[in-house]
Amino acid sequence: MKLAPLNTVQNAHDDSIWTAAWVPPVDDSSEALLLTGSLDETVRLWNPEGPEKLQTNTGHCLGVVSVAAHPSGRIAASASIDSFIRVFDVATNYTIATLEAPPSEVWQLQFNPQGTTLAAAGGGSASVKLWDTAEWQLIATLSVPRPEGLKPSEKSSSKKFALSVAWSPDGKQIACGSMDGTISIFDVPRAKFLHHLEGHCMPVRSLVYSSAPLDSRVLFSASDDGHVHVYDAEGKTLVTSLSGHSSWVLSVDVSPDGAAIATGSSDKTVRLWDLKMRAATQILTSHMDQVWAVAFGPTSRTDVRSCMLASVSDDKSVSFYKYC
């Protein structure tokens, strides 16, 4: 397995790019597209072939911190530090819904695999909020428990600031990463907190469950402590810790074949990790500043063993790679 650099779009936005997500193909005749969100308050849609900018979406009045695409490929959502989530039609940019939350209470977005629910890591509310995608109504708020043994005066919400969120492949569990380094696992149908995963000592900014059919309990986490952790999310155990980045690990994503993960870091690199070897097999240096997001695209139609990877950075660029 390796990553082959394809193209880098310089000045893809007018300011730092904080988030990226692939939009799945709508049908057999269409291709996957990439959404990016920036501090410049816009969301942009890219065709990786070229690469070509297809549209620029405005509608937020502060920086965009997260973008997420619905499994259908027809709709997407963007979250901003202006405290609004904008749900829009990918093809037309028509606003389908505007979801409001108090300031600093929308951080990272993720649709469940079934496409019925949108989850948002709730920042200062120390919770995950769930909206149904039929009526766009708030249907649940999953609160992250405070650490045991603290006096009420010490239970500051900043310690439990919810930064990241991920759905299990079956959509029945949610993982939420917090500023204090803990990861909370929730049972979604019962809207119940199950347990914490511990091991990180600094903010957990990115989470993703394994895409491998036999590894659906496996959860990957990226943290400011410089480590990527591999957990058995149900067994509550830390399987292994991957180290190599020289600074914060800001993003992690898993390849469609489940054999590798990619990470982006404030050390300005993208790394590819072989999960069998439990080691980084490639270090890519296409960015000049910290890499805020890495995202694997869907499997290629012409070669089921390959796909694309995208990375975005504070340097305002978007890089595309071929994974094979």
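The values are calculated or read from the model by the stated rules, or taken from the named source; none is laboratory data. Given the structure is predicted, the values throughout are model-derived calculations rather than measurements. Neighbour counts run over all protein chains shown; Cβ positions are idealised from the backbone, glycine included. For accessibility, only protein heavy atoms count, side chains too; no ligands or nucleic acids. Shrake-Rupley method; radii C 1.70, N 1.55, O 1.52, S 1.80 Å.
Can you pull the one-decimal nm distance between simple spin-label points at Asp89 and Val26, each 7 Å off the Cα toward Cβ?
Result: 0.9 nm between the two label points.
Go ahead and set up a Gaussian network model of the chain, Cα springs under 10 Å, then flag whichever of Tyr94, Tyr231, Tyr209 fluctuates most.
For the chain, modelled as a Gaussian network with Cα springs under 10 Å, the answer is Tyr94.
With +1 on each Lys and Arg Cβ and -1 on each Asp and Glu Cβ, how big is the dipole of region 92-247 about its Cα centre, in debye rounded to the nearest 20?
Values: 12 positive and 15 negative charges, 56 e Å.
Rounded to the nearest 20 debye, it is 260 debye.
Please compute the per residue accessible area over region 17-163 with all protein chains in place, 1.4 Å probe, rounded to a whole number of Å².
Numbers: 6280 Å² over 147 residues.
Using a 1.4 Å probe on heavy atoms only, each residue of region 17-163 averages 43 Å².
Given the protein chains as shown and a 1.4 Å probe, how many square angstrom of Cys307 are accessible, to the nearest 10?
Taking all protein chains as shown, Cys307 has close to 10 Å².
In Å, what Kirkwood hydrodynamic radius results for region 27-180 from the alpha-carbon pair distances?
It is 16.2 Å.
Over region 221-265, give the accessible area per residue in Å² for a 1.4 Å probe, as an integer. Kindly include the intermediate steps, with their values, before the conclusion.
Working: 1340 Å² over 45 residues.
For region 221-265, the solvent-accessible area averages 30 Å² per residue.
Exactly which GluC sites (Glu not before Pro) in region 48-123 are in a DSSP loop and have at most 16 other Cβ atoms within 10 Å?
Answer in residue order: Glu49.
What trypsin sites (Lys or Arg not before Pro) does region 1-76 have in DSSP loop regions with at most 16 other beta carbons within 10 Å?
Values: sites: Lys2, Arg44, Lys53, Arg74; in loops: Lys2, Arg74.
Filter output for region 1-76: Lys2, Arg74.
Cross-chain or 8 or more residues apart, Cα under 21 Å: how many lysine pairs in the chain fit that? Count them up, please.
So the count of such lysine pairs works out to 23.
Pull out a ≥ b ≥ c, the square roots of the eigenvalues of the alpha-carbon gyration tensor of region 183-324, then state rounded if a/c is under 1.5, prolate if not and a/b is larger than b/c, and oblate in the remaining case. Let's see the in-between values first.
Details: a/c = 1.79, a/b = 1.28, b/c = 1.40.
Oblate, because a/c is 1.5 or more while a/b does not exceed b/c.
Normalise the Debye intensity by I(0) for the chain, one equal point scatterer per Cα, no solvent, then take log10 at q = 0.09, 0.12, 0.16 Å⁻¹ and round to two decimals.
-0.40, -0.74, -1.44
Which percent of the accessible heavy-atom area of region 47-185 goes to carbon and sulfur, probe 1.4 angstrom? Display every interim value, and only then the final one.
On the way: 2920 of 5750 Å².
Carbon-and-sulfur percentage of accessible area, whole number: 51.
R0 = 35 Å: FRET efficiency of Met202 with Gln137, Cβ-based, nearest 0.05?
Given R0 = 35 Å and the Cβ-Cβ separation, E is 0.50.
Just to be sure I understand the model, the point goes 7 Å from the Cα along the line to the Cβ. What's the resulting Asp232 to Gln10 distance in nm?
5.0 nm
Could you compute the FRET efficiency for Arg146 and Lys172, with r as their C-beta to C-beta distance and R0 at 25 Å, rounded to 0.05? Kindly include the intermediate steps, with their values, before the conclusion.
Working: r = 25 Å, r/R0 = 0.99.
That pair, Arg146 with Lys172, gives E of 0.50.
Check which residues have an amide H placed less than 5 Å from Leu194's amide H, if you skip close sequence neighbours.
Excluding prolines and chain starts, which carry no amide H, the hits are Ile185, Phe186, Asp187.
Between Ser243 and Asp303, what length comes free when the chain is fully extended (0.36 nm per residue of separation minus the Cα-Cα distance, one decimal in nm)?
Numbers: separation 60, 0.36 × 60 = 21.60 nm, distance 3.12 nm.
Stretched out fully, the Ser243 to Asp303 stretch lengthens by 18.5 nm.
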